[in-house]
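The values are calculated or read from the model by the stated rules, or taken from the named source; none is laboratory data. Since this is a predicted model, take the numbers as computed values, not measurements. Every residue, glycine among them, receives a Cβ derived from its backbone with ideal geometry; neighbour counts consider all protein chains shown.
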Amino acid sequence: MNRDLPDVAATETPSIQAPLQWVGMSRIDIPFHLAEPGCPGPVHAMADVQVNLPAATIKGIHMSRIYRMLDDLSRQTAITPSHLETLLGQMVESHRDCETDSARVILNFNLLVRRPALKTPELAGWKSYPARLEATLARGHFSLEARVQVEYSSTCPCSAALSRQLVARGFREHFPGDKAVTTDEVTAWLKQHATLATPHSQRSEAQVTVTLASNAPDFGLMPLIDQIEEVLTTPVQTAVKRADEQAFAWLNGQNLMYVEDAARRIQHALLKPYATALVHVRHLESLHSHDAVASANGNVSSARFYTEEPDSRHNPIPQNSD
Ligand SMILES: Nc1nc2c(ncn2[C@@H]2O[C@H](COP(=O)(O)OP(=O)(O)OP(=O)(O)O)[C@@H](O)[C@H]2O)c(=O)[nH]1
């Protein structure tokens, strides 16, 4: 410590003496190596690190101590939940003179993952998933939340039904009366007119927050993302050729969904693996300029799931024969 330098945090008292809930730093750029299978390499995180300041007479906390602890963490080769718990314990310990008993760290970053195309062999591209880890140590109690965001495509089931009605009407107008029609005639008509009305579909977002245990070996971000994508079935793609685009069109047609359907599917899928799962979905509608949204708070005890309902989600993508 350099005693020649003035230290107002130590020599002055605040003009207004009051405890503070959180004090620290926000948006620190820092690389991290996560213990995350499927995500090699460091992630560029924006970190928030803060402690509480119960001592009303202390002017300022020790920012530099917290910064250095975070910096030490960035040197770890594979960060696990227990590393975050250790960091928070050190932050509290280093601020005993401030009567600190709570600390939190929030890491915001993107997971960049290689994803294969739906059909074309060896075609793949990079996909970015926004993620957030929030760990809190509150008077000795550690809690950890992980949040991921997944982009997908949603096609409106109501719009699809309305479109089908117009297609059927067009068909009747083209083939009036009860005259017999050959399969070739119907096929030719469909090839040209099956899209005379098309349902609206849009890029959509699912944001899911789950609670993790401090002794978990990793943060489980990729399994969570994979599970959400599997249940939604139409995650946005990276590299596509026409065969992949056609497969995507098929998947969308087989998975018409309202924003409510998407939220319920995710909630149902995460019921077993996670104690709590907060689900928030957003369809950035192309029908209008506002969004359709749905949230589920993870309390599924009152939900009923009808498993006898036919599930078209896993119909195989048909082979192209013409
Ligand atoms: N507490 C606090 N410090 C700030 C703020 N803005 C900048 N700083 C500076 O952050 C620097 C690091 O703070 P400290 O950890 O107290 O630094 P230090 O006194 O050299 O380190 P210690 O001897 O370990 O306390 C200091 O130069 C502070 O003035 C602020 O809003 N609050």
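For beta carbons closer than 7 Å, sequence separation of 6+ or different chains, a first residue in the stretch 216-235 that is assigned by TED's automatic domain parsing to the domain that holds ALA146 and closer than 19 Å to VAL259 by Cβ and a second that is among the charged types (D, E, K, R) and not in a helix (DSSP H, G or I), the qualifying pairs are THR233/ARG313; PRO235/GLU151. Close Cβ contacts (under 8 Å, 6 or more residues apart or on different chains) running from residues in the stretch 8-26 that are farther than 20 Å from ASP48 by Cβ to residues that are within 15 Å of the ligand (Cβ to nearest atom) and polar (S, T, N, Q) comprise THR13/THR57; PRO14/THR57; GLN17/THR57. Can you name every residue in the stretch 260-277 that is of a type in the set (D, E, K, R) and under 24 Å from SER143 (Cβ atoms)? Residue satisfying the conditions is LYS272 alone. The number of residues in the stretch 212-250 that are in contact with a strand residue (DSSP E or B) (Cβ under 6 Å, 6 or more places away or on another chain) and not in a loop (DSSP other than H, G, I, E, B) comes to 8. Residues in the stretch 114-131 that are buried (at least 18 other Cβ atoms within 10 Å of the Cβ), under 16 Å from the mean Cα position of the chain (by Cα) and not small (Gly, Ala, Ser): LYS127, TYR129.
Inside the stretch 1-57, can you point out the residues that are of a type in the set (A, V, I, L, M, F, W, C), within 30 Å of ILE225 (Cβ to Cβ) and either part of a strand (DSSP E or B) or within 14 Å of the ligand (Cβ to nearest atom) (or both)? Passing the criteria: TRP22, MET25, ILE28, ILE30, PHE32, LEU34, VAL43, ALA45, MET46, ALA47, VAL49. Counting just the residues of the stretch 1-48 that are farther than 20 Å from SER64 by Cβ and aliphatic (A, V, I, L, M), which one comes out surrounded by the most Cβ atoms within 10 Å (Cβ to Cβ)? My answer is LEU34. For first residues located in the stretch 35-51 and touching a residue at least 12 places away in the same chain (Cβ under 8 Å), partners that are in a loop (DSSP other than H, G, I, E, B) and aromatic (Phe, Trp, Tyr) and lie 6+ apart or on another chain with Cβ distances below 7 Å form the pairs GLU36/PHE219.
Condition check: over 28 Å from ARG114 (Cβ atoms), within 16 Å of the ligand (Cβ to nearest atom) and at pLDDT below 95. Does ASP71 satisfy that? So ASP71 does not fit the description; no.
Consider ILE66 carefully, then state whether it is touching a Cys at 6+ places or on another chain (Cβ under 8 Å), within 15 Å of the ligand (Cβ to nearest atom) and in the same structural domain as GLU93 (by TED's automatic domain parsing). It is false that ILE66 is touching a Cys at 6+ places or on another chain (Cβ under 8 Å), within 15 Å of the ligand (Cβ to nearest atom) and in the same structural domain as GLU93 (by TED's automatic domain parsing).
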